[in-house]
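Notes follow the structure.
The values are calculated or read from the model by the stated rules, or taken from the named source; none is laboratory data. Since the model is a prediction, treat every value here as computed from it, not as a measurement. Quick reminder, even Gly has a Cβ in these numbers, built from the backbone with ideal geometry, and neighbours come from all protein chains shown.
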């Protein structure tokens with residue numbers, strides 16, 4: 001069970017949280033202008049890196065707030081947690097862009 | 001039976017405290033401190049189990065966690081289907097039965113209590129041997145909390161030098177848990193441990209849980225898990241009497257029990273000489289020590305010589321047995337080629353030691369083969385984890401073996417060389433796997449089942465890897481190894497569940513009217529966590545079909561009422577709530593006037609329906625959404641996710657109000673009269689209170705909100721009052737409805753009524769691959785809005801392709817055959833005797849209908865929208881019912897019932 005640092009509540013056990021997949025995949029500003037390929041890229045395609053990954057979590061059984069974290073998908077170590085809207089941290093070359 | 005093999009003194013047993021256990025119906029004497037295994041040894045019980053597949057007799061092969069042969073079923077106390085005999089502490093009156101590899105689950109529910117605790121410590125030490133003791137004492141000098149867990153009843157160091165190590169640890173502030181096994185080491189310092197609290201007691205205190213699950217979060221973890229002895233495989237190595245050498249010695253030193261009368265000791269390191277001396281000093285005649293090495297340590301040689309124990313450089317190649325299958329002799333071959341048969345009833349074997357690194361590898365720690373220690377040792381560990389003591393593989397010089405896994409001669413039958421005793425898997429099995437092309441240990445493991453038994457390869461894993469490497473001609477350092485996964489030892493589901501069993505397994509949610517439903521004989525069904533009345537039988541004899549027909553008739557021709565409180569209800573406040581709803585619902589919501597209600601559908605970005613419900617505008621900046629009963633939490637989360645992560649600039653607040661309101665639906669042509677009675681101040685005429693409007697009212701003295709919405713096609717009102725007035729509201733409506741014959745109904749009738757009108761249930765008639773267009777609801781998708789979540793997906797070719805499954809109605813052609821939910825739809829001329837046949841769709845809902853006078857169904861059918869009138873078969877259990885496709889609104893398609901009679 002991971003230990004996750006909610007930026008509002010502090011460190012809690014993973015069982016209080018729900019995973020939200022890759023972070024920084026914004027809803028397109030003008031979906032109608034996208035090609036089918038671009039739209040399906042938004043809906044269906046996500047990175048699956050071996051290494052550092054910026055991902056979303058929500059504190060379901062706590063404050064119910066969304067936030068982001070950077071996790072190493074090999075070791076499950078987190079380096080940083082940050083709130084939505086805060087600039088994504090740079091965490092080395094393994095990170096999925 | 002008598003304890004023919006008992007010695008005067010053992011470190012763990014109390015000879016002044018005798019006890020009696022029952023093993024397979026025989027009474028056996030023992031002493032406090034004994035394990036079941038020790039009592040079997042002391043009483044000379046040689047055959048203790050049978051091979052799971054071979055049926056061959058098996059005896060104890062160890063004194064500890066290595067044991068792969070003797071598992072027993074505990075019948076006394078709380079009982080347990082399958083426990084290692086070396087792990088069970090004996091108490092007076094203990095009753096156990098031998099097993100042939102598999103335990104039997106009891107028929108009765110487990111009445112024992114299990115609990116769990118959460119602890120946080122700076123340092124966790126796993127293992128209470130000398131190294132663990134030292135590590136805990138060292139850690140206790142800091143300021144942090146220290147916890148030591150040890151899987152045996154007595155700390156190992158305490159057992160060996162008689163000091164009260166436990167007291168010393170406690171004095172140093174270390175928390176000590178014995179009979180506690182760390183079963184999993186997970187990320188971020190999380191360790192799961194199981195404490196067995198009462199199984200060793202003849203009469204456990206009733207206020208003590210049987211087992212406790214410890215959820216430990218540790219800053220640092222010290223693994224002092226020790227090492228497990230490894231055997232050497234040879235022909236007939238499974239017979240009763242063949243035992244690990246250190247275990248044989250342990251029976252003498254710790255339990256005062258002699259594991260045999262005359263022993264041959266075989267191995268490849270100086271530890272066997274030590275074991276031979278212990279056995280000899282304990283009164284076992286050691287006939288011969290066979291060492292694979294020519295250069296035996298000087299100390300060992302001297303010790304053996306001093307006791308007059310003969311030695312031989314060579315190997316044991318096979319065993320001989322007496323008529324009952326018990327070891328009678330070891331066949332040995334010297335390095336000079338001479339073969340000799342040595343009579344013995346104990347063959348003590350040791351091939352070296354495997355550091356117990358299961359926990360170390362649970363989160364990806366890697367091991368490497370150490371040539372000098374002839375074992376896998378820690379290489380690249382997880383963060384926070386340190387390994388100390390024998391678990392490091394840094395053994396004393398005398399314990400470093402000459403790597404030896406298997407002895408084979410020209411005469412050896414490889415089907416008699418057992419690599420995994422618990423799985424009855426042999427060298428022949430492993431060779432079959434290699435011959436079939438397996439090269440990795442993971443593949444061989446799955447092909448042969450080696451190391452998949454209850455011990456998870458503790459006794460067979462490294463041995464088999466060693467043999468596999470020999471077969472493949474590769475070095476052990478090539479890294480052929482298997483991965484250990486939690487749990488290290490089996491954990492019962494009952495322990496994992498703890499108190500969360502029975503009615504505590506999942507919260508049961510009930511409406512404020514629940515007690516009335518119970519008192520009036522409602523039959524309930526689970527909808528998510530809710531208990532909802534399914535139907536209200538008139539009496540104990542009325543079957544569901546009759547009750548539902550009666551309830552439906554009341555709703556269609558008179559008046560009926562339902563508790564709809566469980567529908568999800570979410571209130572939205574804020575300037576931009578209309579904008580948010582426009583972005584999420586497929587239709588336009590922001591234009592809704594205060595006092596009005598609109599039906600809406602929510603879709604994912606992929607355009608597929610995820611929920612539906614009504615939206616009411618309570619005020620300019622205040623809205624009330626309803627969701628399906630099971631989706632309330634999910635839709636609230638959905639709103640929050642978009643608000644927080646995509647559109648934080650919108651001024652909207654969301655709040656669940658599901659439980660704040662009790663909702664009673666009053667349904668049927670007589671509904672207006674009933675409402676007029678209970679709300680005399682409310683103008684209920686069709687002109688002033690139209691369909692899809694809501695009004696405030698006072699009902700039974702309570703403030704109420706009445707919505708004119710319908711999930712049946714009939715004239716209907718949903719009356720909402722504050723939750724705690726729910727039962728009063730229900731009774732007021734019921735009383736007012738008596739002159740009209742008002743009939744309470746449940747979810748089954750609700751389903752029939754809605755299906756007759758073709759109203760889909762999200763999650764029943766949809767499955768995440770269905771668009772509003774597939775449901776025939778293009779009218780609910782706005783063409784005016786520039787965008788909403790899902791809109792772009794309707795422009796994809798897939799959304800309009802030929803062959804999409806679309807909602808249709810079905811009726812049986814004969815007008816009376818029932819249609820099965822889940823039935824597959826195939827062509828009317830499809831030959832079910834010659835499979836496969838093309839499946840064109842499936843039935844999603846099916847009911848009998850009083851209103852239609854026939855059974856009917858809703859179905860998803862390929863290109864269904866253009867196939868009304870087609871004939872098909874609905875196939876269930878390989879029987880086809882001829883059906884005709886209809887429009888998905890079988891009843892009152894014109895909507896003429898909406899305003900009442």
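Worth a mention:
- Unmet requirement for residue A:60, which otherwise passes all of (1) touching a residue at least 40 places away in the same chain (Cβ under 8 Å); (2) more than 8 Å from every other protein chain (Cβ to nearest Cβ); (3) over 14 Å from the mean Cα position of the chain (by Cα): (2)
- Of all residues making up region B:797-827, the number that are more than 39 Å from the chain's Cα centre (by Cα) and without any contact (Cβ under 8 Å) to a residue 40 or more places away in the chain: 5
- Qualifying residue in region B:402-412 (condition: within 27 Å of residue B:332 (Cα to Cα), surrounded by fewer than 17 Cβ atoms within 10 Å (Cβ to Cβ) and touching a helix residue (DSSP H, G or I) at 6+ places or on another chain (Cβ under 6 Å)): no
- Residue check, residue B:426 at pLDDT 90 or above, more than 19 Å from residue B:373 (Cβ to Cβ) and under 31 Å from the mean Cα position of the chain (by Cα): no
Let's see how each residue does on (1) facing chain B (nearest Cβ under 8 Å); (2) in contact (Cβ under 8 Å) with a residue 60 or more places away in the chain; (3) in contact with a strand residue (DSSP E or B) (Cβ under 7 Å, 6 or more places away or on another chain):
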site: A:12; (1), (2), (3): no, no, yes
site: A:40; (1), (2), (3): yes, no, no
site: A:76; (1), (2), (3): yes, yes, no
site: A:86; (1), (2), (3): no, no, no
site: A:90; (1), (2), (3): no, no, no
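- Residue, surrounded by the fewest Cβ atoms within 10 Å (Cβ to Cβ), within region B:154-195, restricted to residues that are modelled with pLDDT of 90 or more, within 36 Å of the chain's Cα centre (by Cα) and in a loop (DSSP other than H, G, I, E, B): B:178
- Every residue from region B:278-297 that is touching a strand residue (DSSP E or B) at 6+ places or on another chain (Cβ under 8 Å) and either within 19 Å of residue B:352 (Cα to Cα) or touching a residue at least 40 places away in the same chain (Cβ under 8 Å) (or both): B:279, B:284, B:287, B:288, B:289, B:290, B:291, B:292, B:293, B:294, B:296
- All positions within region B:768-801 that are under 17 Å from residue B:610 (Cβ atoms), within 14 Å of chain A (Cβ to nearest Cβ) and not in a loop (DSSP other than H, G, I, E, B): B:791, B:792, B:793, B:794, B:799
- Matching residues, region B:722-776, being in contact (Cβ under 8 Å) with a residue 40 or more places away in the chain, more than 24 Å from residue B:823 (Cα to Cα) and surrounded by fewer than 21 Cβ atoms within 10 Å (Cβ to Cβ): B:722, B:723, B:724, B:725, B:727, B:731, B:734, B:740, B:741
- Of everything listed in (1) under 27 Å from the mean Cα position of the chain (by Cα); (2) more than 14 Å from chain A (Cβ to nearest Cβ), the single unmet condition for residue B:382 is (2).
- Residue in region B:744-762 that is part of a helix (DSSP H, G or I), closer than 30 Å to residue B:580 by Cβ and either more than 14 Å from chain A (Cβ to nearest Cβ) or in contact with a strand residue (DSSP E or B) (Cβ under 9 Å, 6 or more places away or on another chain) (or both) present: yes
- Among the residues of region A:42-57, just one is part of a strand (DSSP E or B) and either at the interface with chain B (Cβ under 8 Å from one of its Cβ atoms) or exposed (fewer than 15 other Cβ atoms within 10 Å of the Cβ) (or both), namely A:56.
- Restricting the search to strands (runs of 3 or more DSSP E) fully inside region B:624-728 and requiring at least 2 residues that are in contact with a strand residue (DSSP E or B) (Cβ under 9 Å, 6 or more places away or on another chain) and away from chain A (no Cβ under 14 Å) gives B:661-667, B:694-699, B:702-707, B:716-722.
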